[in-house]
1. Looking at the square roots a ≥ b ≥ c of the eigenvalues of the Cα gyration tensor of the stretch 1-154, which shape do they give, rounded for a/c under 1.5, prolate if a/b is larger than b/c, or oblate?
2. Kindly identify the stretch 290-338 as rounded, prolate or oblate by the Cα gyration tensor criterion: order the square roots of the eigenvalues as a ≥ b ≥ c, call it rounded if a/c is under 1.5, otherwise compare a/b with b/c, prolate if a/b is larger, else oblate.
3. Using +1 at the Cβ of each Lys and Arg and -1 at the Cβ of each Asp and Glu in the chain, identify which of A507, Y119, I6 lies farthest towards the dipole's positive end.
4. Could you check the simple spin-label distance between R144 and H503, using points 7 Å along Cα→Cβ, in nm with one decimal?
5. Can you give the relative contact order of the stretch 328-442 as a percent, counting alpha carbon pairs under 8 Å and 6+ residues apart?
6. Looking at the stretch 270-352, which GluC sites (Glu not before Pro) are in a loop (DSSP not H, G, I, E or B) and have at most 15 other Cβ atoms within 10 Å?
7. Which entries of K66/K226; K19/K66; K19/K284 have Cα-Cα distances beyond 30 Å here?
8. Report the full-extension gain for the segment S463 to Q167: residue separation times 0.36 nm, less the Cα-Cα distance, to one decimal in nm.
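The values are calculated or read from the model by the stated rules, or taken from the named source; none is laboratory data. These numbers come from a predicted model, not from an experiment. Backbone-built Cβ (ideal geometry, glycine too); neighbour counts: all protein chains shown. Ligands, DNA and RNA are excluded from the accessible area calculation, which covers all protein heavy atoms including side chains. Shrake-Rupley method; radii C 1.70, N 1.55, O 1.52, S 1.80 Å.
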Amino acid sequence: EHQQYIRNFSIVAHIDHGKSTLADRILELTDTVAKRDMQDQLLDNMDLERERGITIKLNAVELQYKAEDGHTYEFHLIDTPGHVDFSYEVSRSLAACEGAVLVVDAAQGVEAQTLANVYLALDDDLEILPVINKIDLPSADPERVRKEVEDVIGIDASDAVLASAKQGIGIQELLEQIVHKVPAPDGDLTAPLRALVFDSIYDDYRGVVLSVRVFEGTVKPGDKIKLMNSGSEYEVTEVGVNSPDPIKRDMLMAGEVGYITASIKDITDTRVGDTVTGAADPAKEALPGYREMAPMVYAGLYPTDNAKYGDLREALEKLKLNDAALEFEPETSQALGFGFRAGFLGMLHMDVVQERLEREFNLDLITTAPSVTYHANLTDGTQKEVENPSEMPEVSEIRNIEEPYVKATIMTPNDYVGPVMELCQRRRGQFITMEYLDDYRVNVEYEMPLSEIIFDFFDKLKSSTKGYASLDYELDDYQQSDLVKIDILLNGDKVDALSFISHRTFAEKRGRDIVTKLKGIIPRQNFEIPIQAAIGAKIIVRTNIRAYRKDVTAKIHTGDPDRRAKLLDKQRRGKERMKSVGTVDVPQEAFMAVLQTD
Ligand code: GDP
Ligand code: MG
């Protein structure tokens, strides 16, 4: 029967170790994509992915591989992102597979996300096939890395494929290993349908397109299906696979990975992790699904044009179908009007969400500075969760404030242990442990406030280790800290969207830094604007943005018409990203000024 010729696997690795390039070679060698249509990192098909050179979304493709045993196998390959902010994409991909191809860079060796991904694959009991990639690099040391995979990860790497995804070395050998080592899926073809929704996307014409792994039964066009979580029922309009372009199929059966459309227009019916079953003969139990991701940071998202609030809501709902880690709820700001408080897994995730909203949904947004969730223990004995600094209760009502801590794992060459520890200490880290992996690499663990790690810690870590350190972290617990809320006043008015929380030791310095920064960012107007930073009623810093000395528009009128048009155009475009806060125009940049530390 057909099932024994199916293989489902994900490609996982630390960022930049060559997952997407390896996927390219596999697509090529199996003639899935014609040579002339081939381009680098073909599966990174989002503009944003190509521009940034990173994978953001999981991507599942089907390909046919004629093996040395003479049989043709149906492979479902899922390429995954490597960045920690997108690890939810990885864990969902793995749940659709029996195997994981673990790519390790032959020069860099095992990195923090290599380990994190291995743990995810082990959680799902997947067969792990190590691949040591980039053996073409002069600095490659495959045998050292092979040993590292065994010592650090604890899996057998004696058969690890030595590959160069760039030069196409080792690809055939890997495909043969996939045939022989990754188990074929099982699952009763005659049982009631159970298919796991591991991703989805909204299509204006077809409605919601569900990416599924069928675990039991079959599904075909015309079938009545039911989404077990929401209870809603639909008739299947199309099933198929991506190869990499969508190809219609007569049916999908247990063991296969593909897509289902059913004219699902009500977006709120669909949730990643839900089980699709037959409406007439439903399965008794849903598949386990996924645990929800707890956002790490929250930020306000506001349309620059208040009239676009409804559009923003719709865009967020649609984007959530394709970004299961995104969370949002309505929020109002005195300064910015109606918007949403959105939860993200990290700064890169936040950046990507904002970009996708603007590009895919044609919106102009103001994003406020991200914040972690604080727990304020109040004098009346209750606890308040504070996702937005401006909502921190008055000092007199607070007994103490707790903030989230993470356990951070940093892998670094031992030459840089000093600078790494210094950096962690400076960011209020508490040393946990340190372990020498081999003669030249160290694994350092720290307990650190999430707020200190989430913003620019990674950049600082990279610059203090010449790019060699890698980082992974997971939420640990809440701990009490001496924190204060700092308010920013423009022209005497408190601007809620600029409030932030700081450790008391840094409060005055940060207040000063931010006020200085804002002075440089907020354009002069025809009156003087005082800027102040305050803790409660106490002003800790004050300065002024001076008024225009001359009327700028007068200058424009004297210029040549071409230049004048350009200037006006520039002013207009600049304005699009401004919000009038009271009488002051505040550009987007100002809301992010809070993020700049030392
Ligand atoms: P991913 O983040 O794991 O998907 O990595 P990519 O496939 O995007 O590759 C990251 C970078 O490594 C790109 O510049 C690739 O060209 C490069 N790369 C990938 N495989 C190899 C290889 O085998 N040898 C060399 N020298 N470079 C490679
Ligand atoms: Mg990639």
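1. The shape class here is rounded.
2. It comes out oblate by the Cα gyration axes.
3. Working it through, the farthest residue towards the positive pole turns out to be A507.
4. 3.5
5. 15
6. E285, E292
7. Table pairs above 30 Å Cα-Cα are K66/K226; K19/K284.
8. That pair, S463 and Q167, stretches by 103.5 nm at full extension.
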